[in-house]
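Single-structure report; data block below.
The values are calculated or read from the model by the stated rules, or taken from the named source; none is laboratory data. Please read all numbers here as calculations on a predicted model, not as lab measurements. Glycine gets a Cβ as well: all are built from the backbone with ideal geometry, and neighbour counts include every protein chain shown. Accessible surface areas use protein heavy atoms only, side chains included; no ligands, DNA or RNA. Shrake-Rupley method; radii C 1.70, N 1.55, O 1.52, S 1.80 Å.
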Amino acid sequence: EIDVTLVIPDAKSKSFYLPILPPRGQRRLWFGLYEPDTRLIPDRFGIPEPVNTKRIRAESLDLVLVPLVAFDYSGGRIGMGGGYYDATLSFVKRRGRARSVTIIGAAYQFQNVDYIPKDYWDIPLSGVITDQRFIRIGFS
């Protein structure tokens, strides 16, 4: 997976939140405020997450960068297989949502594939940022 934290130093006057795993048996991620002095510790998968910081739900975010293993040009994506992002972002499919979040995948360009089958629970991407370019994705 590409390291999405590389964009943090370049974005002035923005708040960044990193994912925090829920307890075992749950799928919805929390997001913890990340600042330069935020202490990070590895979660059970070895991914650094913030500790002792303000936590929020994805519904409060404007933009979520989703790490990818593979993506296609129709918004299909493959992650690491835990279903955490699909469960966390399932609110975007509910009717009557007054507020939505932009979901951008983050990957290397070589992770692009021709086609990824989609299931009803899959949350499509609005775009993908790669090491080479930004890809806007149109979907209904």
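Numerical summary
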read-out	value
Number of the exception - G81 against (1) free of Cβ contacts under 8 Å to residues at least 40 places away in the same chain; (2) at negative phi	(2)
Residue in segment 31-41 that is of a type outside the set (A, V, I, L, M), within 16 Å of the chain's Cα centre (by Cα) and at pLDDT below 90 present	yes
Some residue of segment 71-90 being open to solvent by less than 30 Å² (accessible area, probe 1.4 Å), within 17 Å of the chain's Cα centre (by Cα) and among the β-branched types (V, I, T)	yes
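Rundown of residues vs (1) in contact with a Lys or Arg (Cβ under 9 Å, 6 or more places away or on another chain); (2) of a type in the set (S, T, N, Q), yes/no style:
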residue: R24; (1), (2): yes, no
residue: W30; (1), (2): yes, no
residue: L33; (1), (2): yes, no
residue: L61; (1), (2): no, no
residue: S74; (1), (2): yes, yes
residue: G79; (1), (2): no, no
residue: Y84; (1), (2): yes, no
